[in-house]
Structures are given as structure tokens and as C-alpha cells.
Amino acid sequence: MNDVRIGLVGYGNIGISHAGYLAKGEVPGARLVAVCDSHPDSLKRAGADLGEGVRRFDDPEKLFASGQINAVLIATPHYDHPPLAIKAFRRGFHVLIEKPAGVYTKSVREMNRVAAESGKIFGIMFNQRTRPVYQELKALIDSGELGEIKRTNWITTAWYRPQSYYDSGGWRATWAGEGGGVLINQCPHQLDLWQWVCGMPVRVRAFCAFGKYHTIEVEDDMTAYVEYPNGATGVFIASTGEAPGSNRLEIAGDRGKIVVEEGKLVFWQNRVSERQFNREFRGGFGMPECEKRDIAVPKEAGEHKGITQNWVAAILEGKPLLAKGEEGLNSLELSNAMLLSTWIDDWVKLPIDDDLFYKRLTEKIEGSTFRKKTGPAGKPLDVKGTF
């Protein structure tokens with residue numbers, strides 16, 4: 001294969017962003033050759049933005065049968081990710097999906113199975129994995145410098161959204177259209193990074209508030225408590241109703257504490273491990289000596305373009321993927337577990353019961369009496385700086 005000929009499915013807010021850098025040739029080895037969207041206005045906009053050199057299709061099947069592409073980038077609403085990816089794999093295409101991997105784990109496990117059988121390159125748009133601050137954080141923890149993790153705490157409330165955001169599309173913030181709220185829409189990145197760095201917990205107890213700050217039927221505020229295999233604990237807090245919000249990750253380990261906030265990484269490193277100090281110290285009051293280290297990290301990150309370039313390099317050169325598509329299951333499983341825990345008012349063990357979550361979600365959709373008011377159609381929302 002000499003180049004990756006990409007068909008973009010979905011020309012909404014994020015799809016337009018992907019099309020922009022691809023059409024400008026900013027990803028070596030990749031060409032945007034086609035765009036697909038079921039909405040005529042979106043295709044008209046694509047024609048104006050991209051010109052006649054990029055073909056337009058109103059149905060994914062037509063795109064897949066066109067003979068024009070060998071890879072697919074899926075940027076549609078959440079529910080469509082697994083079925084479109086499965087069709088693409090079965091047609092023999094490489095696939096890159098937007099986050100989240102899907103809405104419910106049952107469909108994502110099937111997508112992962114088909115992906116594995118296809119032998120094609122499968123990536124997911126976890127662009128925050130390209131950020132040096134999180135790469136350095138992962139390297140520190142993987143190196144053992146922090147020691148065994150004892151506690152994690154992520155406050156991610158810098159996701160403020162006004163009512164007009166939710167009113168901008170009929171599918172937003174509904175069980176049938178989006179499948180959830182702050183967890184499925186805003187937090188897939190943080191949930192992914194949380195498990196990427198700290199591993200997956202073994203059980204979850206969560207408390208989600210539905211329509212607490214907005215006229216919506218899904219969650220816009222939540223707090224979860226998790227337990228890890230080694231006995232460590234974690235707390236995850238998210239909201240779209242706080243202004244100003246916070247984005248602070250704190251990880252405590254046997255050999256110190258790491259804090260990530262406002263793009264900075266600070267490591268308070270103990271000279272001896274806490275467990276060793278606890279065994280040996282005889283002074284009554286005291287604590288291990290600690291050195292504060294401000295870890296320098298570059299500000300530049302590859303972001304969406306970086307993930308796409310990595311995926312293209314994996315196809316053309318066999319380079320390892322930074323964000324494997326199969327790993328999208330992990331953050332979704334955390335999201336599903338948090339909702340399910342709230343719905344059943346109890347702990348949820350991981351792996352989650354896929355069928356039980358799907359049953360409860362279906363009940364939410366079928367039992368919904370929510371009637372959403374949407375604003376007038378207008379320009380796509382500017383997503384810059386929102387991820």
C-alpha cells in the first residue's frame with residue numbers, strides 16, 4: 001500500500017475538524033478522498049469546504065462499495081460507531097473511530113471481535129494520549145518511581161456546558177440519541193487516561209445526578225468510588241454544571257505523590273518508601289523526607305492529527321498504535337459501570353454484566369417521556385479547545 005485513502009463518515013463538528021487537516025495534506029501518507037453524511041446540508045457544506053476533488057456520499061454502503069478508499073475514519077454520533085466499524089472491517093478497510101468506542105459494552109465487544117478477525121489496523125481517537133504531560137505521567141508510574149499506587153483522585157469538572165449547547169442538536173443529552181451525558185460525551189478521555197495510567201478497578205460504586213443543572217434526561221453531575229486489585233481506592237468526579245471547573249489528577253503511591261493540573265506535572269518523591277518508614281521510624285511523630293520535583297514537559301502535542309498520523313504510520317510502516325481501538329472498551333466499561341451502579345443503587349463488579357447494562361439502557365430509552373427543545377439549525381459548533 002502506497003498511501004491511505006480515507007473515507008470520512010460524519011461531517012459534523014468533529015468530522016469537519018478531521019477533514020480540515022487531512023485536506024491540507026498535513027498527515028503524510030494519507031489522502032482524504034471521500035466524505036459521507038446522511039444530511040444534505042452537511043454534504044453541501046463538505047462540497048463548499050473541500051471542493052470537487054473529494055467525493056461525497058449520502059450512505060456509508062455507497063462509500064464502502066465505491067472502490068475509492070482503503071480506510072475509514074468514523075466521526076458519527078456514538079451509537080453508530082460499532083455497527084459502522086463492523087461493516088468497514090468486513091469490507092476489508094482499516095478503521096479509526098472517534099471516541100467513545102460506543103454506548104454499551106455489548107456492541108463494543110462484538111466490534112473488537114470483528115476487528116481482530118479482520119486483521120486490519122484499528123485505532124481510536126484518544127488524542128489526549130499524545131499530550132506529553134500524560135505520557136510522562138505514565139512513564140513515571142510504569143518505571144516504579146511512585147511505587148505501588150494507593151489512591152487516585154480525578155476531579156474533571158472543567159466541562160461546563162450551557163443549555164444552548166444541549167439544545168444545539170436533537171440527539172444530544174438523550175438516552176436514545178447519545179446514550180448518556182457527561183460520562184459518555186465529555187469524559188471518555190479522562191476515563192481512558194485514568195485506566196491507561198492506573199489500570200482498571202475491580203468494582204465501582206457511583207452516584208449520578210440526571211438533569212441536575214440542565215434541562216436534559218441524562219447525567220450532568222456524578223461522583224464515583226472505585227477499588228483496585230491491590231486494595232487501592234480511587235474517586236472520579238465529573239460535571240458540566242460547574243463554572244469555573246477543575247481538571248486535577250492526583251495519584252498517591254508508596255514513594256510519594258503526583259499531581260497533574262493546568263498542564264503541569266509535580267512529583268513529591270519520598271526518599272524512602274512510606275511502608276519502609278512506617279516500619280522503621282521510632283520517633284512517634286514524623287514522615288518520610290520528600291523532594292518536590294517539577295517535571296518539565298513539552299507543551300506541544302499531536303492531538304487529533306497526531307492520532308491520525310500514528311494510525312496511518314501503523315498501516316503503512318507497521319508502527320505500534322498509541323491508542324488501539326480495542327482499548328476503547330475500558331473507558332466505556334467504566335462509564336457503563338458508573339451508570340449501572342446508580343441505576344441499581346449498588347456496587348458493580350468488573351467486568352460489567354453487558355446484558356444487564358443493555359437491558360437497563362433499553363428501559364431508559366423505551367420509558368423516556370422527555371421531549372427535547374432544540375434551537376434553530378446553524379453553523380457547526382467550534383470544538384476547538386473542548387477536548
Please tell me which of these pairs span more than 24 angstrom C-alpha to C-alpha: Lys99/Lys257; Lys62/Lys120; Lys264/Lys292; Lys212/Lys349; Lys212/Lys373; Lys44/Lys373? Lys99/Lys257; Lys212/Lys349; Lys44/Lys373
Treat every Asp and Glu Cβ in region 49-108 as -1 and every Lys and Arg Cβ as +1, leave all other atoms uncharged, and give the resulting dipole magnitude about the Cα centre to the nearest 20 debye. 300 debye
Positive dipole terminus of the chain, leading residue within Gln309, Trp343, Phe281 (C-beta point charges): Gln309
Using DSSP to define loop residues, name the GluC sites (Glu not before Pro) in region 162-268 whose beta-carbon has at most 14 other beta-carbon atoms within 10 Å. Glu262
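Which GluC sites (Glu not before Pro) from region 65-164 combine a DSSP loop assignment with at most 13 other Cβ atoms within 10 Å?
Qualifying residues, ordered by number: none.
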Which trypsin sites (Lys or Arg not before Pro) does region 285-319 hold that lie in a coil by DSSP with at most 12 other beta carbons within 10 Å? Lys299
Per residue accessible area of the chain, 1.4 Å probe, in Å²: 45 Å²
Which distance in nm do the two modelled labels at Lys299 and Asp49 give, with both placed 7 Å along the Cα-to-Cβ direction? 2.7 nm
Can you compute the charge dipole magnitude of the chain about its Cα centre, using +1 on each Lys and Arg Cβ and -1 on each Asp and Glu Cβ, nothing else charged? Give it in debye, rounded to the nearest 20. 340 debye
How high is the relative contact order of region 161-269, in percent, with contacts defined as C-alpha pairs under 8 Å that are six or more residues apart? 18 percent
Carbon plus sulfur fraction of accessible area for region 176-277, probe 1.4 Å, in percent: 49 percent
What percent does the relative contact order of region 47-138 come to when contacts are Cα pairs within less than 8 Å and at least six residues apart? 23 percent
Could you tell me the relative contact order of the chain? Use alpha-carbon pairs under 8 Å, at least six residues apart, and round to a whole percent. 20 percent
Of Ile251, Leu50, Trp194, which is farthest towards the positive pole of the chain's charge dipole, taken about the Cα centre with +1 and -1 on the beta-carbons of Lys, Arg and Asp, Glu respectively? Leu50
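How large, in percent, is the carbon and sulfur part of the accessible surface of region 12-91 at a probe radius of 1.4 Å?
Answer for region 12-91 is 48 percent, counting heavy atoms of protein chains only.
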With only Lys, Arg, Asp and Glu charged, each at its Cβ (+1 for the first two, -1 for the last two), find how big the charge dipole of region 1-97 is about the Cα centre; round to the nearest 20 debye. 220 debye
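In a shell of Cβ-Cβ distance under 14 Å around Lys24, excluding Lys24 itself, what net charge do Lys and Arg (+1) and Asp and Glu (-1) give? Could you put the intermediate results ahead of the total?
On the way: positive: Arg31, Lys305; negative: Glu26, Asp49.
Around Lys24, the surrounding residues sum to 0.
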Theoretical FRET efficiency, 1/(1+(r/R0)^6), r = Cβ-Cβ of Thr223 and Glu262, R0 22 Å, to 0.05: 0.50
Quick check: net charge around His94, other residues with Cβ under 11 Å of its Cβ, Lys/Arg +1 and Asp/Glu -1? +3
Provide the gained length on full extension for the span Lys359 to Asn278, in nm with one decimal, where the gain is 0.36 nm per separating residue minus the Cα-Cα distance. 24.3 nm
What whole-number distance in Å separates the alpha-carbon centres of region 180-232 and region 65-127? 24 Å
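The values are calculated or read from the model by the stated rules, or taken from the named source; none is laboratory data. Here the structure is a predicted model, which means the values were calculated and not measured. So basically every Cβ, Gly included, is an ideal-geometry build from the backbone, and we count neighbours across all protein chains shown. Just the protein is used for accessible areas: all its heavy atoms, side chains included, with ligands, DNA and RNA removed. Shrake-Rupley method; radii C 1.70, N 1.55, O 1.52, S 1.80 Å.
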